[in-house]
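Quick notes on the structure that follows.
The values are calculated or read from the model by the stated rules, or taken from the named source; none is laboratory data. Note that the structure is a prediction, hence the values are computed from the model and not measured. FYI the Cβ positions are ideal-geometry reconstructions off the backbone, even for glycines, and counts take in every protein chain you see.
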Amino acid sequence: MKYVALIALVCLAACSKPASPEDASAEGATVSAASEAASSSAASAIDAIAFTGRWTGPEGTWLDIQPKGQDYSVTVSNLDGPRTFDGIADDGGIRFMRDGQAFVIRPGNGDDTGMKWLAGKKDCLVVAPGEGYCRG
């Protein structure tokens, strides 16, 4: 809901006519800052839609991503069982820390995962070379 209010604010600011050149500069800075915030929020919302849900890996493994406010809950289930991590939108993916190492979950295809079980699949997420999950 706050995204709608922010976008409405940007639209109203862009449509109003400034009273003086000084007002124009200040308004331009405000619109620019609001536009950047809206773009950042929109990118996060798009990531949530694209990444949300359960993704299947080989041998019973899976990945589940759920929005958690501005961040994400990332659950990875491997042969040792499920573990949940906090994730944040970062560089076109979702960044999370596992065992002291940073990972970025990125969209890709089965071939990008480097896993023969997922080869040929189209809608996948790649965590690291040799670790990926797909839908369908």
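Summary table
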| quantity | calculated |
| --- | --- |
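One line per residue, one yes/no per condition, for (1) modelled with pLDDT of 95 or more; (2) loosely packed, with under 14 Cβ neighbours inside 10 Å; (3) not acidic (D, E):
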site: T30; (1), (2), (3): no, yes, yes
site: A43; (1), (2), (3): no, yes, yes
site: I49; (1), (2), (3): no, yes, yes
site: G69; (1), (2), (3): no, yes, yes
site: P82; (1), (2), (3): yes, yes, yes
site: R106; (1), (2), (3): no, no, yes
site: D111; (1), (2), (3): yes, no, no
site: V126; (1), (2), (3): yes, no, yes
site: R135; (1), (2), (3): no, yes, yes
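Residue by residue, here is whether (1) in contact with a Gly (Cβ under 7 Å, 6 or more places away or on another chain); (2) not in a strand (DSSP E or B) holds:
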| site | (1), (2) |
| --- | --- |
| F85 | no, no |
| P107 | no, no |
| G120 | yes, yes |
| V127 | no, no |
| Y133 | yes, no |
